[in-house]
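Data first, discussion second: the structure below is written as structure tokens.
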Amino acid sequence: MDEEYDVIVLGTGLKECILSGLLSVDGLKVLHMDRNDYYGGESTSLNLIQLWKRFRGDDKPPPHLGSSRDYNVDMIPKFMMANGTLVRVLIHTDVTKYLYFKAVDGSFVFNKGKVHKVPANDMEALKSPLMGIFEKRRARKFFIYVQDYDESDPKTHEGLDLTRVTTRELIAKYGLDDNTVDFIGHAIALHRDDRYLNEPALDTVKRMKLYSESLARFQGGSPYIYPLYGLGELPQGFARLSAVYGGTYMLNKPECKVEFDEEGKVVGVTSEGETAKCKKVVCDPSYLPNKVRKVGRVARAIAIMSHPIPNTNDSHSAQVILPQKQLGRKSDMYLFCCSYSHNVAPKGKFIAFVSAEAETDNPQSELKPGIDLLGPVDEIFYDIYDRYEPVNEPTLDNCFISTSYDATTHFESTVLDVLNMYTLITGKVLDLSVDLSAASAAEE
Amino acid sequence: MAATAGHNNLNAKLVLLGDMGAGKSSLVLRFVKGQFLEFQESTIGAAFFSQTLAVNDATVKFEIWDTAGQERYHSLAPMYYRGAAAAIIVYDITNADSFTRAKKWVQELQKQGNPNMVVALAGNKADLEDKRKVTAEEARVYAEENGLFFMETSAKTAANVNDVFYEIAKRLPRAQPAQKPAGMVLVDRPAEGSRAASCCS
């Protein structure tokens, strides 16, 4: 351990593991440590015994739930957009070869008290009970505009400069009502609040295209995919990448104290009396609590059930987005369900999550509208955690701290943080121009 | 299914375990590429190989996982063991400690791995007879007691190297319902076979 490294990474959460892998591939000498004796940090997946230890204070889950090791319960549940940035990173790094994926069965949106399938293109818009007959036609026209829109081909722009026109103005041109705007903005473009309405429309149009292209990719009922055995596999896969390229791994290292020189620049990390020198430190907020500030809280309910989420077409894996406006909130609520079909629970069992950014002092009760959609549960756990973001200046102290995971049930914001950190650390932009059009999913 | 005629293709994940320096990577390199390097560096850049063997009426495609050095500080991820159909636990016959540690790896495997796994114990560096510290008899008795099959190998001379893999291939259960996940692998080329051959350079 008493060697000199280019980078010491602390914490084996997904963000830290992706960075560790990318930096090792770049030829940097990386030491990666975690205070826990398992991979994944906050983004790990727990078996039943670990789940009971964490939330019930003992390790005796009831026997009727089945074998502990059949469970992989994500602590940060998220789905991957099939054509999204995380998939690009996986293909770019070839970490895909360690993982198996399955498409997610369904993508739904909560609207006027009911759960509806998200219509993602012009054909589905015509069939959706979300809209009345005239609205359907207007929505169809809008979907066709988005599908045909090509940034590099002005003919498809219909005279609109989407870098200037706001989303609100674009939508007004198609005369869509607030209800339609709500599901398009939140369940297709995956905006977390309504600020996008006053921002240039290009971002929203790109997000809608990502959704429909991802949906077309695997002929599943949703644009999402999810790894077999749960998300805990992802940090492990990237950690393996890092190790394959020379990264050194040490789990179960208590303390991990970051050391600084007089100027406040990082010089190394001490654990168990040994100090490893380094030029840079990459870590999650828990390793440098003096360099982060609290920016919010996430409230989450975790339920073990014996049925899928009601009104989701029997989907064995599904996302339901509850847009803020539908609940009178400032930010969206998310339902996430996966099951034995993704090997995260024994046969017949489902794991459902309700997540939201806490907006009150009683976050548990905020989750009620989401929990009410689950139907009866076998067991339910509540988890509330603080979200942090870095406040340091990395050019002065050489510390690169990730932002805590948010309440969304997809990875788009997660990977954005990773890519920004990569650029801060290396001065380079990661080239993710992998050939997605040629990419396919091979049935093994 | 095992006995039925016709073409049987089996995919089997095989993991290597054992102490640093026991010769895990050398065994694979010998088996996959027929090479041996006297001063093989610690595994960097390549820790994923595949090799196909024909055994009786079946072909077995091994996906071989090397530890990539993660064994050094006991940081192998559960993913490493996941779905493995076979394991080779390697020790160095000139190093008694490495044999003691091999027994620890057997325990670890019994804890993490699937119970039907085919496990081989390989006493490597068998060409260094004059430096031997672990007798073949001692290892054979231990292997028998623990349901492993045992061979002494030399990656340097190639002695018994192919034999270990052939023996595993023969012992693999022909039907492996639970071991092959039904999921898909994302590949960057549509053609099948992009996962084949060695790995990154």
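The values are calculated or read from the model by the stated rules, or taken from the named source; none is laboratory data. Since the structure is predicted, the reported quantities are computational estimates derived from the model, not experimental observations. Heads up, the Cβs are rebuilt from the backbone with ideal geometry, glycines too, and the neighbour counts pull from every protein chain shown. Keep in mind that these areas ignore ligands, DNA and RNA; they rest on the heavy atoms of the full protein, side chains included. Shrake-Rupley method; radii C 1.70, N 1.55, O 1.52, S 1.80 Å.
Using the Cβ atoms and a cut-off under 9 Å, what net charge is assigned to the surroundings of A:GLY11, where Lys and Arg are +1 and Asp and Glu are -1? That sum, taken over residues with Cβ under 9 Å, equals -2.
Express the Stokes-Einstein translational diffusion coefficient of segment A:180-246 in µm² s⁻¹, to the nearest whole number, given a Kirkwood radius over alpha-carbon pairs, 10 °C and a viscosity of 1.306 mPa s. Walk me through the intermediate numbers first.
Working: Rh = 14.4 Å.
Result for D is 110 µm²/s.
Spin-label pair A:ALA216-A:THR395: with each label point 7 Å from Cα along the Cα-Cβ axis, the two points sit 4.3 nm from one another. If you take the Cα centroid of segment A:93-154 and the Cα centroid of segment A:345-411, the two points sit 25 Å apart. Once you reduce segment A:161-185 and segment A:204-272 to the center of their Cα atoms, the two points are 34 Å from each other.
Dipole of segment A:1-108 computed with +1 at Lys/Arg Cβ and -1 at Asp/Glu Cβ about the Cα centre; of A:TYR98, A:GLY57, A:ILE8, farthest Cα towards the positive end is A:GLY57. To the nearest 0.05, how large is the calculated FRET efficiency for A:ASN313 and A:ALA172 if R₀ is 25 Å and r is the Cβ-Cβ distance? Once rounded, the FRET efficiency stands at 0.15. When the Cα positions of A:SER152, A:PRO376, A:PHE134 are compared along the charge dipole of chain A, A:PHE134 comes out farthest toward the positive end, with charges on each C-beta of Lys, Arg, Asp and Glu.
Computed with a 1.4 Å probe on the full set of protein chains, the accessible area for B:LYS131 sits at about 120 Å². Here A:GLU359 and A:ARG293 are evaluated by their C-beta separation; at R0 = 25 Å the FRET efficiency comes out at 0.85. Using alpha carbons only, how many degrees (0 to 90, rounded to 10) separate the axis of helix A:412-426 from the longest principal axis of chain A? The helix A:412-426 is inclined about 40 degrees to chain A. For A:ARG138, the accessible surface of its heavy atoms amounts to roughly 90 Å² (probe 1.4 Å, protein chains only, rounded to the nearest 10). Accessible surface buried at the B:A interface totals approximately 3500 Å², computed with a 1.4 Å probe on protein heavy atoms.
Excluding same-chain neighbours fewer than eight residues apart, the lysines reachable from A:LYS127 by a Cα-Cα span under 16 Å are A:LYS117, A:LYS136, A:LYS141. Between B:GLU108 and A:ASP58, the simple spin-label model (points 7 angstrom out along Cα→Cβ) gives 3.3 nm. Between A:GLY41, A:GLY237, A:GLY296, the GNM of chain A built on Cα springs shorter than 10 angstrom shows A:GLY296 fluctuating the most. Let a ≥ b ≥ c be the square roots of the eigenvalues of the Cα gyration tensor of segment A:302-350; is it rounded (a/c under 1.5), or, if not, prolate (a/b larger than b/c) or oblate? The shape class here is prolate.
Shown for segment B:66-91: residues covered by the partner protein chains by 40 Å² or more of accessible area relative to the chain by itself (probe radius 1.4 Å), namely B:ALA68, B:GLN70, B:TYR73, B:SER75, B:MET79, B:ARG82. Step through the table entries A:LYS78/B:LYS24; A:LYS253/B:LYS104; A:LYS15/A:LYS253; A:LYS280/B:LYS33, compare each Cα-Cα distance with 31 Å, and write down the pairs that go over it. Going by Cα-Cα distance, A:LYS78/B:LYS24; A:LYS280/B:LYS33 fall outside the 31 Å limit.
The Cα trace of segment A:71-222 gives Rg and Dmax of 16.5, 53 Å, the first to one decimal, the second as a whole number. Principal-axis analysis of the Cα atoms of chain A puts helix A:201-218 at an angle of about 90° to the longest axis. Inter-label distance, A:LYS206 to B:THR135: 7.1 nm, where each label sits 7 Å from its Cα along the C-beta direction.
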